[in-house]
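Chemist: The structure under discussion is supplied below as structure tokens; questions concerning it will follow.
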Amino acid sequence: MKYIPVGTTDIKASAIAQGVMRMADKTREESAQVVSAALESGINFFDTADVYTDGESSRKLGQSLQDLSVDRSSIYVQTKVGIVTSKETGKITRYDFSKKRILDRVDFELQNLQTDYVDFLLLHRPDTLMEPDEVNEAFALLKESGKVRYFGVSNMSSWQVEFLQNNIDEKLHINQLQMSLAHTGMVDQTLFTNMKDSRSLDYDGGLMDYSRLRHMTIQAWSPVQKGFFGGVFIDDPEYAELNRVLDELGSKYGVSKNAVAAAWLLRHPSTMQVIIGTMNSGRIAEFASGADVVLTHDEWYQLYAAAGNMLP
């Protein structure tokens, strides 16, 4: 397992992080197996959120860490707050970065996780009614109380991050964003600059370059997903050429297609961290092995093209 710096912190986290969004419907024993498989693969970073089945995923993670007698200081736990859902339907009703909401939900998560602090707190999707003074006050209290060590955001554009960062005291170290070989918008924009092509449109303020400039870690979620809810591209006939190249490189490096897909993300010099969500112990090990694969320049672009992307 490769270990990377997170933002400008002194933390060295596993390049592959274990997400637990799907853990809510697992049994206590199954949840512990997932955590155990992650630890055995060298993963020391776990990602959750208060909105994942109203904290149930976090509760399962916290219980698993207790059941396995995991030394809290040996791992990093990250949670996210800000999405509000209806208790009746489960649908999102609003986003809320108010001081009270942030503080209340961090306490909620600490109880779920059976810990007295989290290593990272991310604001989960933009709240267009955000008052930065309230965020600043909440972050200051959380830092002073020792409940949160470091802060970041999720799914925010460059200008949203810049505005928030310029109005709060705490450094933002992370932006968690969707990215995969079938979701390459952040890369496309860097290649099609100043061209009459839809891929040259900068929807999000140059997120890739901005994150590197501000020394923020991009956490890539859904690393084998196509679209938002389109399923995975692994073994999908619509991505036959991509799967052929993934298989070819997998044979070369002695790893699976999942591992090569993760290696493609990790090869980018922005020092990304890949968030996986699988609850399958075998696939956890597969993804983890991708952290040790260093693709060549040619292989990286070969995969990019095989996914249906054109070069200018």
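Chemist: Please state which of the following conditions L265 fails to meet, knowing it meets all the rest: (1) within 18 Å of H297 (Cβ to Cβ); (2) outside any helix (DSSP H, G or I).
Modeler: Checking L265 against (1) within 18 Å of H297 (Cβ to Cβ); (2) outside any helix (DSSP H, G or I), the one that fails is (2).
Chemist: Here is a further query. Give me the residue from the stretch 57-108 that is in contact with a Gly (Cβ under 8 Å, 6 or more places away or on another chain) and of a type in the set (F, W, Y) and, out of that set, farthest from R22 (Cα to Cα).
Modeler: F97
Chemist: Taking the residues in the stretch 275-288 that are touching a residue at least 60 places away in the same chain (Cβ under 8 Å), in a helix (DSSP H, G or I) and touching a strand residue (DSSP E or B) at 6+ places or on another chain (Cβ under 9 Å) as candidates, determine which candidate is surrounded by the most Cβ atoms within 10 Å (Cβ to Cβ).
Modeler: F287
Chemist: Restricting to the stretch 78-99, what's the tally of residues that are surrounded by fewer than 22 Cβ atoms within 10 Å (Cβ to Cβ) and either touching a helix residue (DSSP H, G or I) at 6+ places or on another chain (Cβ under 8 Å) or of a type in the set (S, T, N, Q) (or both)? Steps first, answer last, please.
Modeler: Going residue by residue through the stretch 78-99, those that are surrounded by fewer than 22 Cβ atoms within 10 Å (Cβ to Cβ) are 83-96, 98-99.
Now drop any that are not either touching a helix residue (DSSP H, G or I) at 6+ places or on another chain (Cβ under 8 Å) or of a type in the set (S, T, N, Q) (or both), which leaves 84-86, 89, 93, 98-99.
Residues in the stretch 78-99 being surrounded by fewer than 22 Cβ atoms within 10 Å (Cβ to Cβ) and either touching a helix residue (DSSP H, G or I) at 6+ places or on another chain (Cβ under 8 Å) or of a type in the set (S, T, N, Q) (or both): 7 in total.
Chemist: Under 9 Å between Cβ atoms, which residue pairs at least 6 apart in sequence (or on different chains) link something in the stretch 231-243 that is within 13 Å of A306 (Cα to Cα) with a partner that is at pLDDT 95 or above and part of a strand (DSSP E or B)?
Modeler: Sorted first by the residue in the stretch 231-243, then by its partner, the pairs are F233/S180; F233/Q225.
Chemist: Here's something else I'd like to know. In the stretch 211-233, which residues are surrounded by fewer than 20 Cβ atoms within 10 Å (Cβ to Cβ) and of a type outside the set (K, R)?
Modeler: Answer for the stretch 211-233, where residues must be surrounded by fewer than 20 Cβ atoms within 10 Å (Cβ to Cβ) and of a type outside the set (K, R): L213, H215, G227, F228, F229, G230, G231, V232.
Chemist: Do you know which residues across the stretch 290-301 are in contact (Cβ under 8 Å) with a residue 60 or more places away in the chain and closer than 16 Å to E248 by Cα? Before the answer, list the steps.
Modeler: Going residue by residue through the stretch 290-301, those that are in contact (Cβ under 8 Å) with a residue 60 or more places away in the chain are 290-292.
Hit for the stretch 290-301 is G290, nothing else.
Chemist: What number of residues in the stretch 1-33 are among the β-branched types (V, I, T) and surrounded by fewer than 24 Cβ atoms within 10 Å (Cβ to Cβ)?
Modeler: We begin by selecting, within the stretch 1-33, every residue among the β-branched types (V, I, T); these are 4, 6, 8-9, 11, 16, 20, 27.
In the following step, the residues that additionally are surrounded by fewer than 24 Cβ atoms within 10 Å (Cβ to Cβ) were identified as 4, 8-9, 11, 27.
The qualifying residues number 5.
Chemist: Answer yes if at least one residue in the stretch 254-271 is modelled with pLDDT of 95 or more, more than 24 Å from the chain's Cα centre (by Cα) and of a type outside the set (A, V, I, L, M), and no otherwise.
Modeler: Taking every residue of the stretch 254-271 in turn, at least one turns out to be modelled with pLDDT of 95 or more, more than 24 Å from the chain's Cα centre (by Cα) and of a type outside the set (A, V, I, L, M).
Chemist: Next question. Only one residue in K257, K252 is among the basic types (K, R) and surrounded by 20 or more Cβ atoms within 10 Å (Cβ to Cβ), so which one is that?
Modeler: Values: K252 fails: surrounded by 20 or more Cβ atoms within 10 Å (Cβ to Cβ).
After applying the criteria, what remains is K257.
Chemist: Test Q165 against the stated conditions and say whether it is on the phi < 0 side of the Ramachandran plot and either charged (D, E, K, R) or touching a Ser or Thr at 6+ places or on another chain (Cβ under 7 Å) (or both). Spell out the reasoning first.
Modeler: On the way: on the phi < 0 side of the Ramachandran plot: yes; either charged (D, E, K, R) or touching a Ser or Thr at 6+ places or on another chain (Cβ under 7 Å) (or both): no.
When the stated conditions are applied, Q165 does not pass them.
The values are calculated or read from the model by the stated rules, or taken from the named source; none is laboratory data. For clarity, every value in this text was computed on a predicted model and none was experimentally measured. Quick reminder, even Gly has a Cβ in these numbers, built from the backbone with ideal geometry, and neighbours come from all protein chains shown.
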